[in-house]
């Protein structure tokens, strides 16, 4: 039985335990897929061969999977209903396609917080204890101002890696994305314009670098303290711990400005190619029970979607990587405040031009007005191509 | 050997009547070419036809196909990213091919003159071609990295500011071109060298006796005689260069959740083939992908024709 | 061979340096990336992107190698690449030389049409077939297996053009006629007359095909959907993690180890390979 996930998508300990636990009935092969996961999974499904039995589905990609619900087994037919009240209702609903099929079983939620290197903040004369950072960097204005101070006091240091971080998080703080329930393009409306304006502002005030996220140069800058902040979901903790392990003890977590955004939070699914769906479902529900989800939080920063996990001891443990901070203190309340949004299947295609163009503004210094009009004309083209009304 | 008294068997005994036997006479020829043609028809010809058919439809590979008429091609013409990828491909090709041919020729001429160590040099120069292209692209990505790369370290030592090679539109193109040049110069130098070695020594003797200097000799004698080889190298470089995929893909992939076929900031390194893969496999847009592939075909054909014309004319 | 001998000894020495110096610089540039790969694979991930770049070896090589073998099935993927490259080379040499022989030396009905078809398809770039081949393979069930790489590649139009050209000039008609009088059938002619003469052309085509298959990346990347069964190039690109969790130590080590097999082949057969390349290119 083949399980596909990605690095940090599930706790490796839990996966190992699952393998051992079900060893007598199946040979559970858990494979980590690198690169762009969604593209690989969908290409494999289209290729009709070697399709995994259990497939992880990234939250931000759900829009691409839900219209293809017929490639997955409806989990309700396997008895999912009886687990419903163990999970956060809004998270549970996100795994459903428009026609009512249950495609994904909840793994984690993605409450976004502010990860920062406290020693750099202290050196720059900024508040550095989590409570102070949460209190004082509570608006975008204050956040940007802190970035300017950081750059002045420690030249060569930038608050954030790229403007996309600002843009996407502001959009994800709200309840609307790029296409609404009626297949109408809403990417030119207030909520997106506002996010765009803030991102442009961030660039203008010089608080973002011109490095590209995910490159060796960016990682070394983080390690050297030149990029001390990032706005990331709970699962981003795993990426930090693995990408820049030498920063252990230097990071803390605080609230992000205004209110928490929701970024990601994934699901497990059973594909139509699976020949033992009941067994697969049993494995899924075990991996994603409250106790194992708490373990997932400890190992990979996967904030549980099972409220029963929250009082468990593991959630209250101080995390040595974050200097002994109990990170649940931040993520717990944040998860409560998440605003649920409608994810249209066309969000990915129609959000891409905006993300590309704002990146051009940030990395290449493109004129923001031209970038916006280029993005809009690209969106118009794509909308027409996909049958979304503009 | 051949003994004429013996009547040779089957071949020289035509059957007068049946025309059916005509084709059957050739069965062994058809049989000989059939392995090739069977595969060719199945995996070469049929796909091309199907691709054309597909380009007039909308399809995501999973559901059903819908007729789309010419709309995919209209979409293609209005796609600024497609035009961008054409520009990128041609610029990168030019940045790589001209220096590469120049260096290869110069190297070949020098190797021709060097009596000692020639074998060693040939091995050393061929080395870049004997590698895994993905591995080399990974290594080059590291050499050209902004903070920790060798190139910037050298620039720094000479007092020049560091360049964000993989982060700026021109930096990206130059890096990809540098990789391609590095890989192919030695290979082509050896091909040129072989061409040079067919030039009869007497021609050079005669030229020297006429008082020709090294440059004159090169341009009047060597170059014209190298033309067939030059043509060969140019054609192969064009065909492979216009279809470059591995080098830009590996150099510009990041470990974030972005597309692996995006080609860096501003899609500056996105070649035509990279663009094709992005549209087809990231967006699952098979109909559009087919149209893109035909667009690439047209560009390659046009470009090859222009290329051919130019080189022909220069010769006359 | 032209050798530019100077009149005076001093002139010739200066010319010698002027000649050898650029050649040596070129050699260093050719060799440097290999050196870099060696050095980088001995450092840990974090040391790799520190400034200034380290030029001397570190101590992490064995650790990197161990992690590399944990992360991917390195030798398995190398074996797959080797299997594919050898199979395709063998099939191409066989099928193409057979067909080229026919086109070069024989007449038969439909010859013009069949050959013309080849020319047309030769102009068409590979991408045109990618989607249909993918769909076709999905139907036959070859996606994810090496068969999907081997079979389509066996029909290489370039090989036919190359060998036909070669055979036209290299195989003398008199030899063929003589062998016919001796009673040789088609296969005998092919095996005993044609093949021996065109060996340099075959060698060139073989090397060209092998290297091309070894380095093939785009199609395998798409069609090898079973992560446990990939070729070397795809395995290397799999080392790229997500969300910044890439371990560059193992990436560089993987790159280094991937460079080695061809280098070994090259070390054994360098003279032969370069010689064949040169001979083949000139004739063609």
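Points worth noting:
- In the stretch C:212-234, the qualifying residues are those that are farther than 16 Å from residue C:134 by Cβ, in a helix (DSSP H, G or I) and in contact (Cβ under 8 Å) with a residue 40 or more places away in the chain, and the one that is nearest to the other protein chains (Cβ to nearest Cβ) is C:233.
- Criterion (surrounded by 23 or more Cβ atoms within 10 Å (Cβ to Cβ), assigned by TED's automatic domain parsing to the domain that holds residue A:287 and in contact with a helix residue (DSSP H, G or I) (Cβ under 8 Å, 6 or more places away or on another chain)) met by exactly one of A:147, A:104: A:104
- Subset tally (residues that are within 25 Å of residue A:68 (Cβ to Cβ), modelled with pLDDT of 90 or more and surrounded by fewer than 19 Cβ atoms within 10 Å (Cβ to Cβ)) for the stretch B:50-64: 3
- For residue A:345: the one exception among (1) over 18 Å from the mean Cα position of the chain (by Cα); (2) outside any helix (DSSP H, G or I); (3) more than 22 Å from residue A:81 (Cα to Cα): (1)
- Residue B:174 vs. criteria without any contact (Cβ under 8 Å) to a residue 60 or more places away in the chain, touching a helix residue (DSSP H, G or I) at 6+ places or on another chain (Cβ under 8 Å) and in a helix (DSSP H, G or I): no
- Condition met for residue A:242 (in contact with a helix residue (DSSP H, G or I) (Cβ under 9 Å, 6 or more places away or on another chain) and either within 14 Å of another protein chain (Cβ to nearest Cβ) or surrounded by fewer than 22 Cβ atoms within 10 Å (Cβ to Cβ) (or both)): no
- Residue tally, condition touching a helix residue (DSSP H, G or I) at 6+ places or on another chain (Cβ under 8 Å) and within 11 Å of another protein chain (Cβ to nearest Cβ), over the stretch B:205-225: 6
- Residues that are facing chain C (nearest Cβ under 7 Å), outside any helix (DSSP H, G or I) and under 28 Å from the mean Cα position of the chain (by Cα) were ranked within the stretch B:109-144; the one that is modelled with the highest pLDDT is B:132.
- Residue within the stretch A:200-207 that is buried (at least 17 other Cβ atoms within 10 Å of the Cβ), within 20 Å of the chain's Cα centre (by Cα) and either in contact (Cβ under 8 Å) with a residue 12 or more places away in the chain or not in a helix (DSSP H, G or I) (or both) present: no
- Positions within the stretch B:149-161 being surrounded by fewer than 22 Cβ atoms within 10 Å (Cβ to Cβ) and either under 29 Å from the mean Cα position of the chain (by Cα) or facing chain C (nearest Cβ under 7 Å) (or both), in sequence order: B:150, B:151, B:153
- The stretch B:47-75 - residue that is part of a helix (DSSP H, G or I) and over 24 Å from the mean Cα position of the chain (by Cα) and, of those, farthest from residue B:244 (Cα to Cα): B:71
- Residue A:181 falls short on exactly one of the conditions (1) crowded, with 23+ Cβ neighbours inside 10 Å; (2) more than 14 Å from every other protein chain (Cβ to nearest Cβ), and that condition is (1).
- Some residue of the stretch C:155-176 being without any contact (Cβ under 8 Å) to a residue 40 or more places away in the chain, farther than 30 Å from residue A:50 by Cα and within 10 Å of chain B (Cβ to nearest Cβ): yes
- Members of the stretch A:27-47 that are in contact with a helix residue (DSSP H, G or I) (Cβ under 6 Å, 6 or more places away or on another chain) and closer than 20 Å to residue A:273 by Cβ: A:28, A:30, A:33, A:38, A:39, A:43, A:45, A:47
- Looking at A:344, A:389, just one residue is surrounded by fewer than 22 Cβ atoms within 10 Å (Cβ to Cβ), touching a strand residue (DSSP E or B) at 6+ places or on another chain (Cβ under 6 Å), at negative phi and more than 14 Å from chain B (Cβ to nearest Cβ), and that residue is A:389.
- Hits in the stretch B:151-169 - residues which are assigned to a helix (DSSP H, G or I) and touching a residue at least 40 places away in the same chain (Cβ under 8 Å): B:169
- Note on the stretch C:1-118: enclosed helices (runs of 4 or more DSSP H) holding 2 or more residues that are over 30 Å from residue C:163 (Cα atoms), modelled with pLDDT of 85 or more and touching a helix residue (DSSP H, G or I) at 6+ places or on another chain (Cβ under 9 Å) are C:9-40, C:61-71, C:74-105.
- Residue within the stretch A:254-275 that is assigned to a helix (DSSP H, G or I), at negative phi, surrounded by fewer than 19 Cβ atoms within 10 Å (Cβ to Cβ) and more than 12 Å from chain B (Cβ to nearest Cβ) present: no
- Residue within the stretch B:209-231 that is crowded, with 23+ Cβ neighbours inside 10 Å and under 28 Å from residue B:271 (Cβ atoms) present: no
- Any chance residue A:303 is surrounded by fewer than 23 Cβ atoms within 10 Å (Cβ to Cβ) and not assigned by TED's automatic domain parsing to the domain that holds residue A:233: no
- Enumeration of residues in the stretch A:169-185 that are assigned to a helix (DSSP H, G or I) and out of contact with any helix residue (DSSP H, G or I) (no Cβ under 7 Å at 6 or more places or on another chain): A:169, A:172, A:173
Yes/no per residue for (1) assigned to a loop (DSSP other than H, G, I, E, B); (2) assigned by TED's automatic domain parsing to the domain that holds residue C:93; (3) without any contact (Cβ under 8 Å) to a residue 12 or more places away in the chain:
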{"site": "C:130", "(1), (2), (3)": "no, yes, no"}
{"site": "C:183", "(1), (2), (3)": "yes, yes, yes"}
{"site": "C:191", "(1), (2), (3)": "no, yes, yes"}
{"site": "C:195", "(1), (2), (3)": "no, yes, no"}
{"site": "C:204", "(1), (2), (3)": "no, yes, no"}
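- Test result for residue A:19, without any contact (Cβ under 8 Å) to a residue 12 or more places away in the chain, within 20 Å of residue A:299 (Cα to Cα) and more than 14 Å from chain C (Cβ to nearest Cβ): yes
- Flag for residue B:266 being touching a strand residue (DSSP E or B) at 6+ places or on another chain (Cβ under 6 Å) and either more than 14 Å from chain A (Cβ to nearest Cβ) or in a helix (DSSP H, G or I) (or both): no
- Restricting the stretch C:164-202 to residues that are more than 33 Å from the chain's Cα centre (by Cα) and crowded, with 18+ Cβ neighbours inside 10 Å, the residue that is nearest to residue B:194 (Cα to Cα): C:179
The values are calculated or read from the model by the stated rules, or taken from the named source; none is laboratory data. Please read these numbers as outputs of a predicted model, since none were measured by experiment. All Cβ positions, even for glycine, are placed from backbone atoms using ideal geometry, and neighbour counts span all protein chains on display.
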